[in-house]
Amino acid sequence: MKRAVIIGGGVSGCAAEALAKKMGYSTVIVCDDDTAILPEAELIIASPGVPPLVSKLYQQALSRSGVDFTGELEYGFRHWRKPLLAITGTNGKTTTTALVTHLLQQCGINAESAGNIGRPLCDLVLNSNADVAVVEVSNFQLELAEGFAPDAAVLLNLESDHVDRYAGGFAEYCDVKQKIFTHVAPAMQVTGISLPERSPRRVAVNNGELFIDGKKILHQNDTDLPGLPNAENLIAAVELILRYDERIVLSDLPRFAAAVKSFKRAAHRIEKIGSGHGITFVNDSKGTNPAAVIAALDAINTPVVIMLGGLAKGMDFSPLCTRKEKIRFAVYYGQDRDEIKAVLEDCFPGTDTGMDFSAAFNAATAAAQPGDTVLLSPGCASMDMFKNYKARGEKFRELASEFIAQDGK
């Protein structure tokens, strides 16, 4: 009678539970920190959202000798028998993962996305006939990914994020991110343009033009990937595919260029909602750290009224002061609004709207002038007020759409 315990439910926990049962565990128990004592088991799997420093069950699992203690990503990887490409980094993971998957599919490869993008790898093992897995990997997932060995992998960038999760702060966060390369051959390791090369790059973007092996392929203006952050994502995606199998790219460059041009970014990342009363609304709810906020500001060419707030995760917001000339006004909301405002209040004017998101939106529209952009780029996690960043972005879209609809009435 083999027993397994899953710490933390949710999507990842349920997928790990299903796979453990498929692999012959007769008893699989899902528990959270309302459970006082971790049940005895041969296998313990932690969901990625379980915080290692404060979860008593996680700490009990660490102290158990002779027990296989691992994470959902690692457990899924053990049972995935086909090629796997992995992407991590502070910002751009989801866009790059979706882009790699799209390009492979458009070039005739049966690829599917998994991981932090929304579908657990364990579920892909159980319910997919894909020939290639393209996996977005968070630092949470890498913590227990001791044997994770992608065929090729990307580390896009390293910026302040999730520093409250680690006793060693930002340095430990960076160390965890670097674990994506532990079992990857040097020639198959790709780093973003802000990081030192681990192997020579074959792809570049100069003045908005994409080059592969020195040959011009297309211009960013012909794609849905404008600006420097998306140049980083595009370069990394193409580099990753070249490392995996360069024939996918080089055998038909016009087809590959067409595939890039047909890609559309997902919602909630620098997503233009529309304009009304002379004000443009941009939804960047996926901007959950200061570096992502800066990227959103850099993509906008008008004065900005910005909505900031949520769970700050101990991050440093002072870099936003380097963009103070772009910010007309800041609206602070959410659990950690006071600490964010304390850092930024001398850089640009702002107001505190408490725990009321609708009030924050109304304050932003009141402060905006014709020609301005109201930007939701919170720089924070959403779980103080919303289920996730998608729910936060949908609420912003709803409020903006109502405001726009009133124009001309």
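Going residue by residue through the stretch 327-344, is there one that turns out to be of a type outside the set (A, V, I, L, M) and in contact (Cβ under 8 Å) with a residue 60 or more places away in the chain? Scanning the stretch 327-344 turns up no residue that is of a type outside the set (A, V, I, L, M) and in contact (Cβ under 8 Å) with a residue 60 or more places away in the chain.
When the residues of the stretch 194-211 are filtered to those that are of a type in the set (S, T, N, Q) and over 23 Å from the mean Cα position of the chain (by Cα), the one that is farthest from residue 227 (Cα to Cα) is 199.
Might you let me know whether the stretch 218-237 holds any residue that is in contact with an Asp or Glu (Cβ under 6 Å, 6 or more places away or on another chain) and surrounded by fewer than 22 Cβ atoms within 10 Å (Cβ to Cβ)?
Yes, the stretch 218-237 has at least one match.
Scanning the stretch 61-102 for residues that are over 30 Å from residue 39 (Cα atoms), in contact with a strand residue (DSSP E or B) (Cβ under 7 Å, 6 or more places away or on another chain) and not in a helix (DSSP H, G or I) yields a count of 8.
Scan 393, 371 and give me the residue that is more than 18 Å from residue 334 (Cβ to Cβ), in the same structural domain as residue 287 (by TED's automatic domain parsing) and not hydrophobic (A, V, I, L, M, F, W, C). Only one candidate passes the filter, namely 371. For the stretch 202-245, give me each residue that is touching a residue at least 60 places away in the same chain (Cβ under 8 Å) and aromatic (Phe, Trp, Tyr). Matches in the stretch 202-245: 244 only.
The number of residues in the stretch 152-195 being part of a helix (DSSP H, G or I), crowded, with 18+ Cβ neighbours inside 10 Å and out of contact with any helix residue (DSSP H, G or I) (no Cβ under 7 Å at 6 or more places or on another chain) comes to 2.
Meeting the requirement of 3 or more residues that are under 20 Å from the mean Cα position of the chain (by Cα), the strands (runs of 3 or more DSSP E) wholly within the stretch 227-321 are 304-309. Residues that are farther than 17 Å from residue 305 by Cβ, at pLDDT 95 or above and out of contact with any strand residue (DSSP E or B) (no Cβ under 7 Å at 6 or more places or on another chain) do not occur anywhere in the stretch 364-379.
Name the residues in the stretch 1-24 that are part of a strand (DSSP E or B) and either without any contact (Cβ under 8 Å) to a residue 12 or more places away in the chain or surrounded by 24 or more Cβ atoms within 10 Å (Cβ to Cβ) (or both), would you?
4, 5, 6, 7
Touching a strand residue (DSSP E or B) at 6+ places or on another chain (Cβ under 6 Å) and under 26 Å from residue 11 (Cα atoms), is that true of residue 133? Here the answer is yes, as residue 133 does meet what is asked. Cβ-Cβ contacts under 7 Å between residues 6 or more apart (or on different chains), taken from a first residue in the stretch 279-302 that is in contact (Cβ under 8 Å) with a residue 40 or more places away in the chain and over 13 Å from residue 229 (Cβ atoms) to a second residue that is of a type in the set (S, T, N, Q) and buried (at least 22 other Cβ atoms within 10 Å of the Cβ), are listed as 280/373; 282/373; 302/373. Restricting the stretch 306-326 to residues that are crowded, with 23+ Cβ neighbours inside 10 Å and either at pLDDT below 90 or of a type in the set (A, V, I, L, M, F, W, C) (or both), the residue that is farthest from residue 273 (Cα to Cα) is 315. Pairing residues of the stretch 392-403 that are modelled with pLDDT of 95 or more with residues that are part of a helix (DSSP H, G or I) and β-branched (Val, Ile, Thr), at Cβ distances under 8 Å and at least 6 apart in sequence or on separate chains, gives 403/365. Residue 366 falls short on exactly one of the conditions (1) part of a helix (DSSP H, G or I); (2) among the hydrophobic types (A, V, I, L, M, F, W, C); (3) touching a residue at least 24 places away in the same chain (Cβ under 8 Å), and that condition is (3). Of the residues making up the stretch 152-167, those that are modelled with pLDDT of 90 or more and either not assigned by TED's automatic domain parsing to the domain that holds residue 92 or not polar (S, T, N, Q) (or both) are 152, 153, 154, 155, 156, 158.
What's the total number of residues in the stretch 26-54 that are among the hydroxyl-bearing types (Ser, Thr, Tyr) and surrounded by 20 or more Cβ atoms within 10 Å (Cβ to Cβ)? So the answer is 1.
The values are calculated or read from the model by the stated rules, or taken from the named source; none is laboratory data. Just so we're clear, the structure is a prediction, and the values are computed from it rather than from any experiment. Cβ atoms come from the backbone with ideal geometry, glycine included; neighbour counts cover every protein chain shown.
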